[in-house]
Every structure is written in structure tokens, then in C-alpha cells.
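I have placed the structure first, in the form of C-alpha cells, so that the comments after it can refer back to it.
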Ligand SMILES: Cc1cc2nc3c(=O)[nH]c(=O)nc-3n(C[C@H](O)[C@H](O)[C@H](O)COP(=O)(O)OP(=O)(O)OC[C@H]3O[C@@H](n4cnc5c(N)ncnc54)[C@H](O)[C@@H]3O)c2cc1C
């Protein structure tokens, strides 16, 4: 590696030190390459400070309290309510108090060079980094430039919304007080999770969604979460869009809905989707549209609209390629990509076959997601609808989770449901969705069955322990029938 004060040449440049960028860099270094990572905010990215970690910390105490209250004696022993200050204090520690020194230590310990500042592509394998004090560093890559700049909150063009100073995920994840009334625009994962968290913390929450709740998962799952939110006192306006937002001089926010309803709140949280962090990235220098999601081929190499490669040196991983906006999928792509770049640098052909070492096949066949509402939702692979759209001969098997002995033992009045989506031709599982309290750990068994393409016949030999919630597997197989 040769360096001057303002010039640096490395094998690989990674723009963005979120979970994806960190992992691409780590794998490339392990593959024998030198890597510089460019970061304009905090090393660790959105996930560590304003998304996954702090939001899950906001939800965890409420989930533990609910679990205790679902049992008669434990419930009796719990007499108080959640102390928001204590919840926020624990959240702060999971967000490392918005200080990235721990992650920087890991990064440099892993042999990665950190360049602080805003990175812009300036030409082939060239990136210029501008620090907050105006210092610029010109980076050159011998092999590859990886864009892993993530995504930010989308602010939809609703009249008055911008001026109403809405919360995005950042203000919600970093909240230091609980608004008396919180309006949430958006019924996807972030909207549903934040409705769960803030209603448990004491807000009177109103959620407004143009669609049904949780439209990205099977309908039954969204319905059970909606029912639970209503019992927690959340008002849901589903299939109704927000058409106007105003904040008056007293600070009160009024949201007008498409059906004429008016919702008054102290804060309004916008959770209507994400935009890629590519607006000011120098994409115009490589013939791509600034502000667009980056399209990639199977090797995660950036392609233009016509599918042409940018000469094989520019890659994109994580949220910014829009394949699966989830930390664990970003990191999965990162492992494949870091290894692929190292392999190509050694002159080796990457293995891009289905489930091959350098292919991110799971993005297409086995995307995993946990939605940390109460009840939780887990999903992997296809929904019944997406399997049909993919031309699979679909078999659907549903089972009431509340009838599984492990679940009824777990909590009184346990309510939940699980669905297997089967490829009837191949007799394998291609999708699994479940909703129910405390089921997040059920997901990985389904993931292994799907990724391993385990025949249904063989799944009968995976004997779930009695009495656990995992017995749902046996019940689903029995419902499917031994001779299916
Ligand atoms: C509220 C919320 C909760 C979520 N919860 C979960 C969850 O529980 N589990 C889960 O798997 N996913 C969750 N997600 C999604 C998850 O946060 C993202 O999928 C993940 O952060 C993507 O990682 P990334 O590395 O691709 O991008 P990011 O984490 O966004 O990191 C990108 C980094 O690039 C930097 N950057 C951007 N542009 C430049 C530039 N030009 N120069 C230098 N640096 C730049 C940014 O500052 C940032 O640090 C959640 C998202 C939200 C909004």
C-alpha cells in the first residue's frame, strides 16, 4: 500500500462502513487484499445507531413484560409499568451512545484503513473523499470499488409533511421522551414495530397506512399483529392515505386522511419506505443516474439499465442494491462479495452457481425476516402469493400455533398461526411464515429446511422436542399428510 498525505492506493475501496461495508472489507482483507473504507458518519451504519439495535432495544422490555403477564403467577408478581427512562438508558448502551470508537477499533484491528469523509466516485476505480474540514483524499483502487452506502428514510410528497418536522427512523430510534400522542404514517415493518414500542412506552399511537398492515408478509400475519395493536390501544387507519399534514404554532400536528378523518398528534413519524444513499456519490461519472438504486448482476457488479457492466470494477452490496433491505442479507452479500473480489484478484473464476460460494442465492430463494412486533412475525422464502407468481406448483399448509402444546404451555391464551408453502412438484418447502409471541427463534429451522431443499419425507425425521413451540413442525407435516 503506497500513501501520501492526500493520495492512497489500495486493492479495494469500500464506500460506506455500515454492516455491509465492514463485512466486505473484512472478507477482502482475509483474502489477502488491502482495503480502505470510507465513512461520512459513524462506523457501524444505520443499523447500529438508528435502526436494528436501538429499535429492538426499545421493544425488548415491553416484550418481557407481556410474556410475564401472560402467566398467572408471574403476571401477579409484575405490578409496575415500564420506566421509559430505563428503557432509553438500555437503548443508549445498545447504540453505543452514538459513539463509534468500538467499531473503529474493530475495523483497524482487522487491518482495514478507515478514511473519514464523504466519498464520491470520480472515475474508473477512483474515489475522492472530502472530510468535514474540507480535506480531500484521492483514493485509487487496483481491483474494485464497492458501494455500500445504504439507504435513508423516504419522505413522501404529502403537502405540509416536510414543514411539519416529521420524525424519521432516526428520531424514533433515538427518542429521549415519549410523545403523548404519536401519529405514524406507514404500515410496514418500521411503522408496526414503532407502534408496538411507543404504545408500550405510553404514547397514544395512531397508525395510518395506505395498505393493509405489513403488506410484505402473508395476510394472516398482518391481521394478527393488527388485532394485537388494537388491544394495546393503538388506533389503526388501514387502506387510508395521509393527504395533508400541518404543524400549528402550538406544536400540534394534524394529519388529514383520504377518507376525511383528521388525526391530531404531538409528533408524526414517517415510515413509508427508503431511498438509496446515491444522490451525491458521483454516479454521473460512470454513466449512472444519481439518486437511483444500484442494479447488480449475480456477482453484485453494478450494471446499467441495459444490463451492461461498468467494466467489472464497480460493485454494490447491502440496502443500496435493493435486493433485500435487511442487515443480515447485506452481510451475507458482503461475505460472498469480499470473497469474490479476492478470488478475481488471484485470477480465479468465482463460483456463481446456485448456492455457490460467491453467489447470494438466498436473496432470491430464502430471504429471512423477523418482525419484532408483539406477536412476532417470522418469514423466510416465498409467501403463497409470491410462489404462485414464480410459477411454482404451490401447496399451502396452515396450522393454529395456539393448539401446539409447547405454545399453550408458554403463555395462557397463546394465539398464533404458521404456514408452510410447498413446491408440490419437488416436494420441498419453499416458504414459511408464522405469527405468534416469542417465535423469532423458530425461523432458522425453516431457513435450513429451505436452503437445504430438504425433502418433506426427510423432514419427518427431524423430531421436534416435546413440549416446545417447535412442535408446530410435526403438526404442519401431519396436516400436509405423510403421502403427500
Ligand atoms: C427503523 C429500522 C429498523 C430496522 N431493523 C432491522 C432489524 O431489526 N434487522 C435487520 O436485519 N434490518 C433492520 N433494518 C434494516 C437495516 O438497518 C439495513 O438493512 C442495514 O442498515 C443496511 O446496511 P448497509 O450497510 O447496507 O447500509 P447502512 O447501515 O445504511 O450503512 C451505510 C453507511 O454508508 C455511509 N455513507 C453513505 N453515503 C456515503 C458516502 N457518500 N461516503 C461515505 N459514507 C457514506 C453512511 O453514513 C452509513 O454509515 C432496519 C431499518 C430501519 C430503518
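Points to keep in mind about this one:
- Counting beta carbons within 10 Å around each of 167, 355, 293 and listing the fewest first gives the order 355, 293, 167.
- Dimensions of the stretch 327-380 along the principal axes, based on C-alpha atoms and rounded to the nearest Å, stand at 50, 18, 9, largest first.
- Taking 267, 140, 348 and counting other C-beta atoms within 10 Å, the order from fewest to most: 348, 140, 267
- Kirkwood estimate for the stretch 251-401, i.e. one over the average of 1/r between Cα atoms, Å: 18.9 Å
- Look at where the Cα atoms of the stretch 303-345 and of the stretch 399-463 average out, and the two centres are 31 Å apart.
- Peptide ranges 411-420, 461-470, 392-401 listed from the most packed, as the mean C-beta count within 10 angstrom indicates: 411-420, 392-401, 461-470
- Over the chain, dividing the summed -39,500 (n - 2.57) contributions of all DSSP H runs of at least 4 residues by the number of residues returns a 222 nm mean residue ellipticity of -9000 deg cm²/dmol.
- Long-range tail of P(r) for the chain (Cα pairs > 35 Å, %): 39 percent
- The stretch 162-272 has equivalent-ellipsoid semi-axes of 21, 16, 12 Å, by the square roots of 5 times the alpha carbon gyration tensor eigenvalues, sorted largest first.
- Ranked by how many other beta carbons lie within 10 Å on average, peptides 281-292, 362-373 from highest: 362-373, 281-292
- Considering only beta bridges that DSSP places wholly inside the chain, some 60 percent are antiparallel.
- Hydrodynamic radius of the stretch 375-480 per Kirkwood, over alpha carbon pairs, in Å: 13.7 Å
- D_trans [Stokes-Einstein, Kirkwood Rh over alpha-carbon pairs] for the stretch 229-300, 4 °C, 1.567 mPa s, µm² s⁻¹: 81 µm²/s
- Take each peptide in 428-441, 218-231, 375-388, 101-114, count the other Cβ atoms within 10 Å of every residue, and average; sorted highest first, the result is 428-441, 375-388, 218-231, 101-114.
- Neighbour counting of Cβ atoms within 10 Å sorts the residues 453, 39, fewest neighbours leading, into 453, 39.
Bear in mind that the values in this text are calculations on the coordinates, not laboratory data. Since this is a predicted model, take the numbers as computed values, not measurements. Note that we place each Cβ from the backbone using ideal geometry, even for glycine, and neighbour counts take in every protein chain shown.
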